[in-house]
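Taking it in order: structure first as structure tokens, then the write-up.
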Amino acid sequence: RGADVYVCGGCVGLSASAGAVRLSADGTRWEALPLMKQRRFGAAAAAIGGRIYVCGGCAGPGASGGDGGGSWEHPGGEEGFNLRSAERFNPLDNCWEALPDMLE
């Protein structure tokens, strides 16, 4: 979609976010996009071949889905643990697709 700007994930209060929004190329309006498959903050993102790729980052409360609760404690005792998951957004289909996990 041209020079639109995408914002994916981040934090809302103390919770990692699965939210994504798009700012129109002319900078006049924001549009909410479908939730990503994984809550994340501090992820890397790139636009390649007309799709938006979001990779890694850190997880927090409710990290495995778009809507929920939890605490910052990873089952292994690490706070805000690193993610290996990746996903891509297709603006034409308006949907996210999970990708294979990244290597360790």
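Largest accessible area first, the listed residues ARG29, ARG84, ARG39 line up as ARG29, ARG84, ARG39 when surface is computed with a 1.4 Å probe on the assembled protein chains. Distance from the C-alpha centroid of region 1-47 to that of region 86-104: 13 Å, rounded to the whole angstrom. Counting only protein heavy atoms and a 1.4 Å probe, region 6-54 has 55 square angstrom of accessible area per residue.
In the context of the full protein assembly, TYR6 retains an accessible surface of approximately 50 Å², using a probe radius of 1.4 Å and ignoring ligands and nucleic acids.
The values are calculated or read from the model by the stated rules, or taken from the named source; none is laboratory data. Treat the numbers as computed from the prediction; the structure is a model and nothing was measured. Only protein heavy atoms, including side chains, enter the accessible area calculation; ligands, DNA and RNA are left aside. Shrake-Rupley method; radii C 1.70, N 1.55, O 1.52, S 1.80 Å.
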